[in-house]
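Take a look at the structure set out below.
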Amino acid sequence: MLRERLISSILIILAIIFILFVDWLVGAVIVLLTIAGLYEFFTMVEKKGINIYKYFGIVIGAIIPLSIAYRFELTRNWEFFFIVLAVLFLIIMQFRRRQNSGTVVDISVTMFGILYVSWFLSFIIKIRYLENGFGLLATLLLVTKLGDIGAYLIGSRFGRTPLIPRISPKKSVEGSIGGLAFSILGAFACRPFLPLPYLYLVFIGLFLGVLGQLGDLSESLMKRDCQVKDSGNLFPGMGGILDVIDSLLFTAPVFYFYMIITFK
């Protein structure tokens, strides 16, 4: 498992390094990750017997990052407008059903998938388009994913105290602390991109580290609810797309708004 996870991690890191240097490629990759992530999410939910609008949700979810990547806006912040339209279409689609039961759940879960995977992940594109976007995105990825790596390595070697066993039995308090330490080290390594005092970098490392772990635990909670071990099997030793991007789904939007508010 460790060997497979290490190989998958190295390949992902090499791909990320290449992608970061090309603006349009960042957008294209996020669109593809969104489509794959939504497919995994909706497939998991279907195991609970919920009649979600799978392919409608995937199409809508793909359009959101696509419009941001290629800066197509009918109105300012038009993704909000688009989300409202998606809700209206989902309600209209209910009129074709022969039964009324499950309407609220089906609409809610479909919209949650779009917001959770598509909208949250699309903030990576927005970060890339900010001033010093390359450095900011590199910081986000390095701090977040080093936290994941640290939690796994420290937890595997020294983990003794369960963190939240009902959600993720293998996660430990020691692994969580190790993940936060690795996130702080990642923030220090990004000082060439963010020339800030070290105390400030410690805060960013802790801030993103905690959010990343919350994102990881949130996806674990959903998997337990759907009674699946991994969201997919695309990456040997790691699982599916959602298993790889779960921490970024929480860190990307918060980091984006933090940068906008702090340095505007």
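The values are calculated or read from the model by the stated rules, or taken from the named source; none is laboratory data. Everything numeric in this text was worked out from a predicted model, so none of it was measured. So basically every Cβ, Gly included, is an ideal-geometry build from the backbone, and we count neighbours across all protein chains shown. Remember, those area values only see protein heavy atoms, side chains included, never the ligands or the DNA or RNA. Shrake-Rupley method; radii C 1.70, N 1.55, O 1.52, S 1.80 Å.
A few notes on this one:
- For the range 229-255, residues that are part of a loop (DSSP other than H, G, I, E, B) and free of Cβ contacts under 8 Å to residues at least 12 places away in the same chain total 2.
- Close pairs from the range 120-134: first touching a residue at least 24 places away in the same chain (Cβ under 8 Å), partner open to solvent by 30 Å² or more (accessible area, probe 1.4 Å) and in a loop (DSSP other than H, G, I, E, B), Cβ under 9 Å, at least 6 apart: Y129/R71; N132/F193; F134/F21; F134/F193
- Any chance Y70 is open to solvent by 40 Å² or more (accessible area, probe 1.4 Å) and not small (G, A, S): yes
- Within the range 78-116, the set of residues being under 13 Å from I50 (Cβ atoms) and over 26 Å from the mean Cα position of the chain (by Cα) comprises S101, G102, T103.
- Test for L142: is it more than 25 Å from S67 (Cβ to Cβ) and within 16 Å of the chain's Cα centre (by Cα): yes
- Considering A28, A69, A62, the condition of being touching a Gly at 6+ places or on another chain (Cβ under 8 Å) and under 25 Å from R128 (Cα atoms) is satisfied by A69 alone.
- Pair list, Cβ < 7 Å and 6+ apart or interchain, from the range 7-26 residues that are more than 19 Å from G239 (Cβ to Cβ) to residues that are of a type in the set (G, A, S): L20/A138
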